[in-house]
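Report on the following structure.
The values are calculated or read from the model by the stated rules, or taken from the named source; none is laboratory data. Note that the structure is a prediction, hence the values are computed from the model and not measured. Ideal geometry is used to build each Cβ from the backbone, glycine not excepted, and the neighbour counts take in all protein chains shown.
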Amino acid sequence: MIGYVLMSVLTLLLLIGLVRPRENPLVVFGRALRALAVTTGGRVLGGVALCILFVDLVETNLDAEFSHGLGYDLTPFVHGIEGDLVARLQSLSTPFQNGVLSWVYAPGFVALVCLPPVVWLGRTRNRATAEYLTGISANYVFAMPFYVFAPVREVGWSQLTTARPLMENVWPGVTEMLRSASALDNCFPSLHVSCTLTVFWFALRHGPRSLVLVTGVGALLTAWGTMILGIHWATDVAAGAVFGSLCALFAQRLGERFWPEGVREAAEQVVPVTSDDNYSRFR
């Protein structure tokens with residue numbers, strides 16, 4: 001687990017470097033951590049993140065009991081819709097591609113979700129951060145009923161198709177580690193796809209352009225990787241894309257109502273906002 005956290009942090013620093021190439025990634029990261037610690041909005045962000053993590057862990061630990069109590073499994077239904085599509089897609093896989101996609105799916109996902117607030121927090125982009133936090137929270141809150149009442153097993157472990165869990169070939173034992181945060185039948189909709197699409201939505205809405213490019217590529221690779229690696233059915237991916245869009249739209253509408261354009265709290269201005277052409281189109 002320590003290694004996983006370290007890989008996530010290193011990936012985040014790499015992404016920061018791509019988004020803010022003229023700044024030291026450690027400085028940007030440190031500025032965001034300071035904002036997280038000393039501002040009201042930052043502390044709210046940290047508190048909500050901890051709450052999401054806690055609820056996710058509780059649901060995962062109780063998932064087996066929930067699924068047993070339901071007495072049904074929707075995996076055969078999903079298999080009936082798309083058949084062996086994922087298994088056919090896996091014929092396009094290569095060891096190098098699997099390695100890259102495994103990195104994107106695991107530490108890359110954590111880094112991608114953390115990237116926008118890290119970029120925005122130290123630059124007093126408070127409305128952007130508030131909308132984004134609402135969108136990511138909505139993904140987790142609204143997905144829980146599906147994971148509890150609509151159990152769908154991962155395609156590579158379903159035993160209904162020839163698709164294989166290829167991430168195990170890259171990192172043997174990684175599935176067991178990931179199961180501590182997500183049960184094997186929490187597939188519909190794909191939270192990886194929905195969250196990364198929400199990330200891209202708000203990058204497109206608030207900028208900078210470099211963040212749009214990085215998150216857009218990240219979202220596409222995540223969607224492709226979830227299928228190639230045998231984690232999600234194509235149905236999960238399609239549902240995740242719709243779900244993530246709806247959560248982002250929900251958060252945007254709340255933002256337009258409760259955080260009017262131009263509102264900034266002086267107490268949260270950790271550093272002066274400087275002129276930045278990379279942001280200008282998004283203001």
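Counting only residues that are under 15 Å from residue 146 (Cβ atoms) and loosely packed, with under 12 Cβ neighbours inside 10 Å, how many does segment 55-73 have?
1
Would you confirm, using the coordinates I've provided, whether residue 170 is crowded, with 24+ Cβ neighbours inside 10 Å, over 17 Å from the mean Cα position of the chain (by Cα) and not small (Gly, Ala, Ser)?
No, not satisfied.
So in segment 29-61, with the set limited to residues that are modelled with pLDDT of 80 or more and of a type in the set (D, E, K, R), which one is nearest to residue 17 (Cα to Cα)?
31
Residues that are assigned to a helix (DSSP H, G or I), touching a residue at least 40 places away in the same chain (Cβ under 8 Å) and closer than 30 Å to residue 72 by Cα: does segment 122-136 have at least one?
yes
Which numbered condition in (1) within 20 Å of residue 191 (Cβ to Cβ); (2) of a type in the set (Gly, Ala, Ser); (3) at pLDDT 95 or above is the only one that residue 210 fails?
(1)
Could you say whether any residue in segment 152-166 is in a helix (DSSP H, G or I), among the hydrophobic types (A, V, I, L, M, F, W, C) and at pLDDT 90 or above?
yes
Is one or more of the residues making up segment 112-125 surrounded by fewer than 16 Cβ atoms within 10 Å (Cβ to Cβ), modelled with pLDDT of 90 or more, touching a Leu at 6+ places or on another chain (Cβ under 8 Å) and not aliphatic (A, V, I, L, M)?
The answer is no; no qualifying residue exists.
Only residues in segment 209-235 that are free of Cβ contacts under 8 Å to residues at least 40 places away in the same chain count as the first member; pair them with residues that are among the small types (Gly, Ala, Ser) and assigned to a helix (DSSP H, G or I), Cβ under 8 angstrom, at least 6 apart or cross-chain, and list the lot.
Short answer, once both residue conditions are applied: 212/203; 216/203; 223/240; 223/241.
Is it the case that some residue within segment 173-187 is crowded, with 24+ Cβ neighbours inside 10 Å and either of a type in the set (Phe, Trp, Tyr) or touching a residue at least 12 places away in the same chain (Cβ under 8 Å) (or both)?
yes
Of everything in segment 204-222 that's surrounded by 22 or more Cβ atoms within 10 Å (Cβ to Cβ) and under 13 Å from the mean Cα position of the chain (by Cα), which residue is nearest to residue 161 (Cα to Cα)?
Ranking the qualifying residues of segment 204-222, first place goes to 222.
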